[in-house]
Structure formats: C-alpha cells, structure tokens
Amino acid sequence: MGFVANALIRLAEERDGDTLEKALGHPQARFYLSGEGRFLARGTEEAPEPAFTLEEARSFGVDEAEATLLGWAPGSGEPRFAAALPQGVEAEEGSLLDLRTLGMRGVLAPDIEGQLAQALHFLNWHHRTRFCGVCGGRTATELAGYRRQCLECGTHHFPRTDPVVIMLVRDAKGRGLLGRQRHFAPGMWSCLAGFVEPGETLEDAVRRETREESGIAVGVVSYVASQPWPFPGSLMIGCIGEALTTDIFVQDTELEDCRWFEPDELRAMLSRDHADGLFMPPDYAIANTLIRHASGA
Ligand SMILES: [Zn+2]
C-alpha cells in the first residue's frame, strides 16, 4: 500500500515557540516543496529526488517561517519540512510531480512516499485555514506548523483529517461487491467508499454507503487496515462487510454500475488475467489490499 511507511518522529506534544527555528538550524534540514498540489523533484523519472536544502528553498522564494516541520528522521534526527512554493515560480530547478502518479508508479522509497503524503495533507490544510472559521480573521501558523491561531479572536485551529470508509462487501458464497464510477478507466472496478458523516460510527457508515450505492444490506463489519489519502486530507478506513441481501439496486448517480464478482474472478482481476480484461486499482491503493484480504489471493 502507498503512503503508509512514514516513520518520522513528530513530537507534537513537545513543540513550542522555538521548535521551528531550532530545527531550521540543523545542517541536514530538508524541504519538500509543493506548487499547486505537486512536488518539486530533481533526478530522473525512475528516481525522483524531492528533498531540498534550506538554502535551495530560500533561493526559490520559500518563506521558511511558514514551513511545517513534519518531524525528525529516526536514527539521524534530520528534520524534514514541507513548504509551499510561491505562486508563479517556474520549476526551473526540477519538475513538479503529482503524488498520486508517483505512488502509482512506485518510484519513491516507501518512507519518502509516506512523508510526502504527510506534507501534502499539511499544506492542503494550511492553505484552507488561512482565515478563521469563527470570526473570519487571518490565522498564523504555530508549533512549527502543527496548529494555527486566529490573529483576531485567538481561536486555535488544529489540522483535520476526514475519515472515509472503503469496504469490500461479500456474500455467503464468497462473492465480492464492486462498483464502477463514471470517471474510472475502462475495465476498472473497485470497492465502494464514502465519507463518514457527523455522529456516525464507522460500522454504520459502511452500512449506509453500501445501501445508498447498491441497495445491499450489510450486517457485521470488521476493520482491516487504513491508509492516509491526502487528496486533500482523508484517512481511508478499510473494512470488510458481510452482506445480508444479494439483490442490487444502483441508486447512486456517482456509480455507473455495481455487481457481484465470483471469488475466481476477483483473483483473476488482481493478477490482471481476467478473460474480459477487467481489473482492480493497483496495489498502492487500499482497495487492492481489501480485495486481496477478502478473496484469499
Ligand atoms: Zn477568529
């Protein structure tokens, strides 16, 4: 799975007003720099290098006072930062690369991929929290990027993570329920998914989303794994749901189609040798992990 191997030591509780400056003074401080949701990288397409020094970040016009300290590398203690490139800066020093594309191609070391996911999540949150939701005043970054405070009314704003349930629903025969969204590549099918609503348990979110999208009733729900998904700031919570009914009614306009797949069909789709050319998302996506888990592949 992608984005899950981030071992940075974050020390959120130990941060204070001096943390950012101290970490910026470390000779091995490294920056991940983002412009319009993509990361600046040097190197080749097969081996992109997205880490830059403080001097390099400054030379691109980055304001280090606005940087987020993601954490310290285990062992070496080298600090890693995320920062936004100023608008309009041309990427003369490298290419701007999309994190989803990098994940799909599997060209980054797993820990770097996870750190970039954390970086993108923070940068998206900072960008969307420049003004206070209480009074409309400007906010400023604090605790080396781990909090913002309103300059007018003093309200603290903390980074938010939006939970999304993603589920493989299966019936008593071991068949799996998959759907096709309109924007999917031809032949691709995946697990059903949706945002958890306020005041809802994860189990009920799995049952509600499945009923809304397919008409299938779900009983027992069990948790399998989770995956950070910083587009813009989600956590995918992977579950298995046991179906109580089998008749499908596609009611969701998001879904183009929804149907049951036999266990051998699921395995063929995972190994990309399905007779009709049908396939699943690649193994960097949690949908692949869930289907693999549930089908015993
Ligand atoms: Zn305010």
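Considering only segment 132-140, I want to know if a residue exists there that is of a type in the set (A, V, I, L, M, F, W, C), within 16 Å of the ligand (Cβ to nearest atom) and either open to solvent by 50 Å² or more (accessible area, probe 1.4 Å) or part of a helix (DSSP H, G or I) (or both). So far as segment 132-140 goes, yes, one or more of its residues are of a type in the set (A, V, I, L, M, F, W, C), within 16 Å of the ligand (Cβ to nearest atom) and either open to solvent by 50 Å² or more (accessible area, probe 1.4 Å) or part of a helix (DSSP H, G or I) (or both).
Does E242 satisfy the criteria of being at pLDDT below 95, surrounded by fewer than 16 Cβ atoms within 10 Å (Cβ to Cβ) and among the acidic types (D, E)? The answer is no for E242. V165 meets the conditions (1) at pLDDT below 95; (2) open to solvent by less than 30 Å² (accessible area, probe 1.4 Å); (3) aliphatic (A, V, I, L, M) in every case but one. The failed one is (1). Screening M269 against (1) closer than 21 Å to R292 by Cα; (2) surrounded by fewer than 17 Cβ atoms within 10 Å (Cβ to Cβ) leaves a single unmet condition, (2).
Only one of these is aromatic (F, W, Y), more than 16 Å from the ligand (Cβ to nearest atom) and within 30 Å of V221 (Cα to Cα): F184, F122. Name it. Going through F184, F122 in turn, the sole match is F184.
From the set of residues in segment 145-169 that are within 16 Å of the ligand (Cβ to nearest atom) and under 21 Å from the mean Cα position of the chain (by Cα), which is farthest from F31 (Cα to Cα)? Full working, then the answer.
Taking segment 145-169 and keeping what is within 16 Å of the ligand (Cβ to nearest atom), we get 147-158.
Remaining after also requiring under 21 Å from the mean Cα position of the chain (by Cα): 147, 157-158.
On the way: R147: 19, H157: 24, F158: 22 Å.
Ranking the qualifying residues of segment 145-169, first place goes to H157.
Out of E14, E45, E21, E55, one residue alone is at pLDDT 95 or above, under 26 Å from the mean Cα position of the chain (by Cα) and open to solvent by 40 Å² or more (accessible area, probe 1.4 Å). It is E14.
Within segment 116-131, how many residues are assigned to a loop (DSSP other than H, G, I, E, B) and either open to solvent by 40 Å² or more (accessible area, probe 1.4 Å) or touching a residue at least 40 places away in the same chain (Cβ under 8 Å) (or both)? Write out each step before concluding.
Residues of segment 116-131 assigned to a loop (DSSP other than H, G, I, E, B): 129-130.
Now drop any that are not either open to solvent by 40 Å² or more (accessible area, probe 1.4 Å) or touching a residue at least 40 places away in the same chain (Cβ under 8 Å) (or both), which leaves 130.
So the count comes out to 1.
The condition of being more than 16 Å from the ligand (Cβ to nearest atom), on the phi > 0 side of the Ramachandran plot and out of contact with any His (no Cβ under 7 Å at 6 or more places or on another chain) holds for only one of G103, G174, G114, that being G174.
Among the criteria (1) closer than 26 Å to H121 by Cβ; (2) surrounded by fewer than 14 Cβ atoms within 10 Å (Cβ to Cβ), the one D247 does not fulfil is (1). Kindly provide the set of residues from segment 250-297 that are in a helix (DSSP H, G or I) and acidic (D, E), ordered by number. Listed by number, the residues that qualify are D264, E265.
The values are calculated or read from the model by the stated rules, or taken from the named source; none is laboratory data. Just so we're clear, the structure is a prediction, and the values are computed from it rather than from any experiment. Here Cβ is always computed from backbone atoms with ideal geometry, including for glycine, and neighbour counts include all displayed protein chains. Remember, those area values only see protein heavy atoms, side chains included, never the ligands or the DNA or RNA. Shrake-Rupley method; radii C 1.70, N 1.55, O 1.52, S 1.80 Å.
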